[in-house]
Amino acid sequence: MTTIEATALTKVYREATTDVVAVRDASLATAAGEIVAVMGPSGSGKTTLLSMLGCILRPTTGTVTIDGQRVWDSDERDLPRLRRRYVGFIFQSFNLFPALTAAENVEVVLNLKGLDGRAARREAGRLLERVGLAPRLDFRPRDLSGGEKQRVSIARALAGDPPLILADEPTANLDASNGEQVMRLLREAAAQ
């Protein structure tokens, strides 16, 4: 049962003449299967907090522990392995590879997790079907709407069944029906 715990996370961006505190002294602990929402106004540090929890951004101070392992005590070279093993990330800005199709964007993650060839293609198709994008497998991001890009990002985050899914405004670009579908998928993933 994978858990994530953050203790006294602070992130300060040092500017030329001033320090900007993006996150101050944030702590949380989650249990397996739990869904936690981080809420606040635009610019309040939600994305920064998720980036620290997801092993993307090193906190200025504080600790993140995933499955009993203190993340930032690890060698920097171990962080990609930790992310691959534990974290599926739904980025607010999608972060899709523009030259790859929707299916290939999902396959990349599956390849990194050890699934290759036809098996990866099949699994990518299954995940994209779950988010309602079966007809768009071979479309590149430039040919997808904002909501469709968001759903590719969600399918990619679900690839390989990561024990932790960090979602940065996962329904922001979706209509009500697709937003409900995405929340259902996230609840199903949490229940596994």
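The values are calculated or read from the model by the stated rules, or taken from the named source; none is laboratory data. Since the model is a prediction, treat every value here as computed from it, not as a measurement. Neighbour counts are summed over all protein chains in view; Cβ atoms, including those assigned to glycine, are modelled from backbone coordinates with ideal geometry.
Here are a few things to note about the model shown:
- Every condition in (1) under 19 Å from the mean Cα position of the chain (by Cα); (2) assigned to a loop (DSSP other than H, G, I, E, B); (3) among the small types (Gly, Ala, Ser) is met by Gly88 except one, and the failing one is (2).
- Residues (surrounded by 10 or more Cβ atoms within 10 Å (Cβ to Cβ) and part of a loop (DSSP other than H, G, I, E, B)) located in region 17-42: Ala31, Ala32, Gly33, Glu34, Ile35, Val36, Val38
- Among the conditions (1) closer than 14 Å to Leu166 by Cβ; (2) assigned to a loop (DSSP other than H, G, I, E, B); (3) touching a strand residue (DSSP E or B) at 6+ places or on another chain (Cβ under 6 Å), the only one that Met52 does not satisfy is (2).
- Close pairs from region 160-184: first on the phi > 0 side of the Ramachandran plot, partner crowded, with 18+ Cβ neighbours inside 10 Å and small (Gly, Ala, Ser), Cβ under 9 Å, at least 6 apart: Gly160/Gly88; Asp161/Gly88; Asp161/Ala189
- Top-ranked residue of region 79-105 - restricted to ones that are charged (D, E, K, R) and not assigned by TED's automatic domain parsing to the domain that holds Ala157, ranked as farthest from Ala167 (Cα to Cα): Arg81
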